[in-house]
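Some notes on the structure that comes next.
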Amino acid sequence: MSIPAQSIIENLATAVLVLDARLQFQQMNPAAETLFEISARQLYGQPLARFLPQARRLLRLLRQALATGHPFTERGLVVILPTRSITVDCTVSVLTSTDHAHASTLLVELNHVDRWLRLTRDESMLDRHAATRAVIRGLAHEIKNPLGGLRGAAQLLERALPDPGLAEYTRIIIQEADRLRALVDSMIGPTRPIRKIPTNIHQVFEHVRRLILAEVPEGIVLKRDYDPSVPEIQGDPDQLIQAVLNIVRNAVQVLNQRGHIHLRSRIERQMTLGQKRHRLVLRAEIEDDGPGIPDEIAEYIFYPMVTGRADGVGLGLSIAQAIANQHGGLIECSSRPGRTVFTIYLPLE
Ligand SMILES: Nc1ncnc2c1ncn2[C@@H]1O[C@H](COP(=O)(O)OP(=O)(O)O)[C@@H](O)[C@H]1O
Ligand SMILES: [Mg+2]
């Protein structure tokens, strides 16, 4: 029995596109529809350049293939789609029809490699964060004990001082000890086991939105894009509010009076978080159109004490990541000037 070629293409996991000599969509398989988040019908006959105006490198390579007639493969090509950017391995073949010698057709195969890159990163990232947190916990313990002694001694000293004017100094000791203690506590992040109750992510977003609207200038616009079919998650609403708030506050700070913040919710199917495979995962995104994360710290932003701001403490994101991890999820970030997205993944079952 032979299987028709069309049905093989339809069932490939690789996204396949057929483009004509003017780079207009002729065909795409379901894997391509999934990758582009659009139906083939909507794209049929449309120029690729209109659908992907920002995918300049891909467009240039395709034009080159048409001009030269040479096939090519490009690994790790970043393609900017209307709603996100993806990394693909791209193979292009040039098909020349026999009846019109000049009418070439391009067969484009796109293998999405983000997923794979992200998974390997997930695991090492979670491991590293767990290790960092263990170090911090140990250090925090070592700091807090003597700090308690220091504070107690300063209090005793204050009572025994002959000159009340000197109490100014003991008060500084006590205040600084308290400040240090609060800092250490926030570095450890949430220590209590989280309480898990059915939690609506949109209520979490709305709560944060209300808090933020009360404190931001008018030039900052908060937009929502909620998928109403997202089910409730089992989670700790207060902690989740804290995590989202930390991320949104950062966005507000970088936007500097003017810009947009999007709060978005979606469902992902069949996704691995850490080591575990989940059937359904919530994807909650916070996107801003600010300057992007400074290159020097991009790799480290989730570590405690990493900050790009003169008055920053560098704890917001590490706490947010710890909260997501406690829920069995994780936070990722992708950023370039004009578009920074923090994505919180939380398992839905
Ligand atoms: N949306 C964003 N756009 C650009 N940079 C960001 C964004 N969010 C976080 N950052 C960078 O990551 C750093 C760490 O953030 P965070 O952990 O909250 O600590 P802090 O806000 O105290 O600096 C920030 O100082 C900033 O440089
Ligand atoms: Mg912050």
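The values are calculated or read from the model by the stated rules, or taken from the named source; none is laboratory data. Note that this is a predicted model, so its numbers are computed, not measured. In this analysis, Cβ positions are derived from the backbone assuming ideal geometry, glycine residues included, and neighbour counts consider all displayed protein chains. Surface accessibility is based on the protein's heavy atoms, side chains included, excluding ligands, DNA and RNA. Shrake-Rupley method; radii C 1.70, N 1.55, O 1.52, S 1.80 Å.
What the table shows:
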quantity: Among 60-73, 331-344, the order from most to least packed when residues are scored by Cβ within 10 Å on average; calculated: 331-344, 60-73
quantity: Helix 316-326 axis, angle to the chain major axis (alpha carbon atoms, nearest 10°); calculated: 70 degrees
quantity: Tensor-based shape of region 118-188 (alpha-carbon gyration tensor, a/c under 1.5 rounded, otherwise prolate or oblate); calculated: prolate
quantity: Choice from Arg264, Arg249, Arg50 showing the highest fluctuation, given a GNM over the chain with Cα pairs closer than 10 Å; calculated: Arg50
quantity: Theoretical FRET efficiency, 1/(1+(r/R0)^6), r = Cβ-Cβ of Gln26 and Arg309, R0 56 Å, to 0.05; calculated: 0.65
quantity: Region 188-210 residues near the modelled Glu142 label - backbone nitrogen below 19 Å, point 7 Å along Cα→Cβ; calculated: 188-189
quantity: Sites Leu52 and Leu150, calculated FRET efficiency, Cβ-Cβ separation with R0 45 Å, nearest 0.05; calculated: 0.15
quantity: Region 118-188, relative contact order in percent, only Cα pairs under 8 angstrom and at least six apart counted; calculated: 39 percent
quantity: Solvent exposure of region 197-347 as accessible area per residue, Å², 1.4 Å probe; calculated: 46 Å²
quantity: Order by protection proxy (mean Cβ within 10 Å, highest first), peptides 266-277, 282-293; calculated: 282-293, 266-277
quantity: Full-stretch length increase - Arg171, Ser2 - with 0.36 nm per residue and alpha-carbon distance subtracted; calculated: 52.2 nm
quantity: Sequence-distant residues sharing a close amide H with Gly235 (under 5 Å, placed H); calculated: Ile197, Thr199
quantity: Relative contact order (%) - region 5-112, alpha-carbon pairs under 8 angstrom, separation at least six; calculated: 27 percent
quantity: Choice from Leu263, Leu150, Leu107 showing the highest fluctuation, given a GNM over the chain with Cα pairs closer than 10 Å; calculated: Leu150
quantity: Value of relative contact order over the chain, rounded to a whole percent, pairs C-alpha under 8 Å and six or more apart; calculated: 11 percent
quantity: Over the chain: Kirkwood hydrodynamic radius from C-alpha pairwise inverse distances, Å; calculated: 23.7 Å
quantity: Choice from Ile194, Ile38, Ile323 showing the highest fluctuation, given a GNM over the chain with Cα pairs closer than 10 Å; calculated: Ile38
quantity: Length released on extending from Ser93 to Gln42, taking residue separation times 0.36 nm less the Cα-Cα span; calculated: 16.0 nm
quantity: Nitroxide proxy distance, nm - points 7 Å out along Cα→Cβ at Arg192 and Val135; calculated: 2.9 nm
quantity: Gain on full stretching of the segment that runs from Val113 to His262 - 0.36 nm per residue minus C-alpha separation; calculated: 51.1 nm
quantity: Accessible-area composition of the chain, carbon plus sulfur, in percent [1.4 Å probe]; calculated: 54 percent
quantity: Solvent exposure of region 118-188 as accessible area per residue, Å², 1.4 Å probe; calculated: 66 Å²
